[in-house]
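Let me begin by presenting the structure, written as structure tokens, before commenting on it.
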Amino acid sequence: MRINPITAFSIRHLGKNVQPANKQKNYCCFDKEKIDKILSEKEAALPYIENVLKTTDDTRAILDGLYILNCMLDNGVKGIDKMYPTLSRFNNTNSPDIQVMLAGIYRKTLVPDAFGPLNRMLAQQIFYPNSPYFDPTEEIGGAILEYIANYGAKQTYKQ
């Protein structure tokens, strides 16, 4: 699948204009125009984003890619759950920003393999909190609760 060359250029430059959380704001800021271009490509953009996430170590590019995937989930894009092998590369990160982004994606995809890493992230943030700007346990804990609620619903309403 081919995507618009401008969008492909935007994906190659993930991380530009990303502002991580800081003492003035407890959230990340992203380039809305770039995000909208990429979102318009839907499933066609996934291989390009996955390639960046497989190859980069740049925290801002990782945050940008994860944020786009999260927005795609909100817009009903299919196939993001299949990217777990790529996303799992970040499961052991110490970055609270990346942990929060991963937790948001895992909360929406409910990939079974992500449950353990979410618990590890939560324990890490409880015993060794490392974000002076926000509390990552809110999103990580919420993702874990979503897994538990989903499992409980499946057990209760077996068909």
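No lab work stands behind these numbers, since they all come straight from the coordinates. Keep in mind it's a predicted model, so treat the numbers as computed, not measured. Every residue, glycine among them, receives a Cβ derived from its backbone with ideal geometry; neighbour counts consider all protein chains shown.
Just to confirm a number: summing +1 for Lys and Arg and -1 for Asp and Glu over residues other than Asp31 whose beta-carbon lies under 13 angstrom from that of Asp31, what do you get?
+2
Scan around Cys29 for amide H atoms under 5 Å from its own, H built in the peptide plane at 1.01 Å from N, and keep only partners 5 or more places away or cross-chain.
Gln19
Based on the alpha-carbon gyration tensor of region 22-94 and its eigenvalue square roots a ≥ b ≥ c, which shape applies: rounded if a/c is under 1.5, prolate if not and a/b is larger than b/c, or oblate?
Taking the square roots of the gyration eigenvalues as a ≥ b ≥ c, region 22-94 is oblate.
What is the sum of charges around Glu146, taking Lys and Arg as +1, Asp and Glu as -1, for the other residues whose C-beta is under 9 Å from the C-beta of Glu146?
+2
With Cβ to Cβ distances under 15 Å as the rule, what net charge do the other residues near Val100 carry (K, R +1; D, E -1)?
After counting each charged neighbour, the total is -1.
Select from Lys34, Lys78, Lys23 the residue whose mean-square fluctuation is largest in a Gaussian network model of the chain (Cα-Cα springs shorter than 10 Å).
For the chain, modelled as a Gaussian network with Cα springs under 10 Å, the answer is Lys23.
Assign unit charges at the C-beta atoms only (+1 for Lys and Arg, -1 for Asp and Glu), then state the dipole size of region 1-73 relative to its Cα centre in Debye, rounded to the nearest 20.
About 180 debye.
Which residue, Tyr133, Tyr106, Tyr48, tops the fluctuation ranking in a GNM of the chain built on C-alpha contacts under 10 Å?
Per the Cα network of the chain with a 10 Å cutoff, Tyr133 tops the list.
Could you tell me whether region 66-159 comes out rounded, prolate or oblate from its Cα gyration tensor? Rule is a ≥ b ≥ c as square roots of the eigenvalues, rounded for a/c under 1.5, then prolate if a/b exceeds b/c, otherwise oblate.
Oblate.
So how strong a dipole does region 17-159 carry about its Cα centre when Lys and Arg Cβ are +1 and Asp and Glu Cβ are -1, to the nearest 20 debye?
I would put it at about 260 debye.
Taking θ = phi - 60°, what integer Hz values does the Karplus form 6.51 cos²θ - 1.76 cosθ + 1.60 yield along region 128-145, in sequence order, with x for Gly and Pro?
Coupling constants for region 128-145: 9, x, 9, 10, x, 10, 7, 10, x, 5, 4, 6, 5, x, x, 5, 4, 4 Hz.
Under 1.5 on a/c is rounded, so check that first for the chain, then, if it is not, pick prolate when a/b is larger than b/c and oblate when it is not; a ≥ b ≥ c are the square roots of the alpha carbon gyration tensor eigenvalues.
Note, shape of the chain comes out oblate.
Only Cα pairs within less than 10 Å get springs; with that Gaussian network setup on the chain, which residue of Asn91, Asn70, Asn26 has the largest fluctuation?
Ranking Asn91, Asn70, Asn26 by mean-square fluctuation puts Asn26 first.
Once phi is turned into ³J(HN,Hα) by the Karplus curve 6.51 cos²θ - 1.76 cosθ + 1.60 with θ = phi - 60°, what whole-Hz value does each residue of region 114-119 show in order, with x for glycine and proline?
Going residue by residue, I get 7, 4, x, x, 5, 5 Hz, with x marking Gly and Pro.
Just report the Cα centroid separation between region 89-159 and region 5-35, whole Å.
The distance from the Cα centre of region 89-159 to that of region 5-35 comes to 23 Å.
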